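A quick write-up on the structure given underneath.
Coordinate-derived values only; no laboratory data. Please read these numbers as outputs of a predicted model, since none were measured by experiment. So basically every Cβ, Gly included, is an ideal-geometry build from the backbone, and we count neighbours across all protein chains shown.
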Amino acid sequence: MSAVPSSVSRSSFSRTGRWARGYHVEQVDEFFDRARVAYEHAEAGAAVTSADVRRVGFDLVRGGYDVGQVDAALDRLEDAFARREQEGLRARVGAQAALENLTTRARTLRGRLLRPDGDRFDRATGFAPAYDPDDVDELCHRVLGYLDHGDPMSVDEVRRAVFRTRRGSRGYREEQVDAFLDRVVEVMVAVE
């Protein structure tokens, strides 16, 4: 097995000032410790996946860890787990079957990407916060160009996408867009 990437080891992140908010120190340390153990002892079935890393959240507290530094380390950690997961899949089913699996996952994204602008996702209801459809549709066009034509796009562009906020039926349901973008990230990380 390859060496543990430095992003999996407990890191010393900078702390925010006394009055600034950052990620809860103990929560971050606990997650990175658990991830390191999972990475080092994958054969024992320690359960942390790239999806777990992508979805982890920490409370914001005064004097916590610098958010940007932790987020960057989480991105590297997710990439490390995703590479290992892809290598494991190739070892189990063979390179051709792993490629077919990746192609199938990419194809499932296309159905939603090919929908008309304004209709790619369900609309939010009531006064629920929602994402601006124009912003989301613009990102979807870029993802489709990446998948269909190899247009340049980094996984961090999808991870860091920020959309204007709308309310209710004026915007796309946030959780549906977020779940879709999680699948886009999974495919992009497996390709890189």
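Things worth noting here:
- Alpha carbon centroid spacing (whole Å) that separates the stretch 89-146 from the stretch 151-184: 10
- Estimated from helical segments only, the mean residue ellipticity of the chain at 222 nm is -18500 deg cm²/dmol, where each DSSP H run of four or more residues counts as -39500 (n - 2.57).
- For the stretch 101-191: rounded, prolate or oblate by the Cα gyration tensor [a/c cutoff 1.5]: prolate
- Neighbour cut-off at most 15 other Cβ (10 Å), DSSP loop, trypsin sites (Lys or Arg not before Pro), the stretch 100-180: R160, R164
- Cα-based shape type of the stretch 59-140, given that a ≥ b ≥ c are square roots of the gyration tensor eigenvalues and the cut on a/c is 1.5: oblate
- Anisotropy class of the stretch 12-114 from Cα gyration tensor, a/c 1.5 cut: oblate
- In this structure the amide hydrogen of V48, modeled in the peptide plane, comes within under 5 Å of no amide hydrogen from residues 5 or more places off or on another chain.
- G22 long-range amide H proximity, modeled H, under 5 Å: V61, R62, G63, G64
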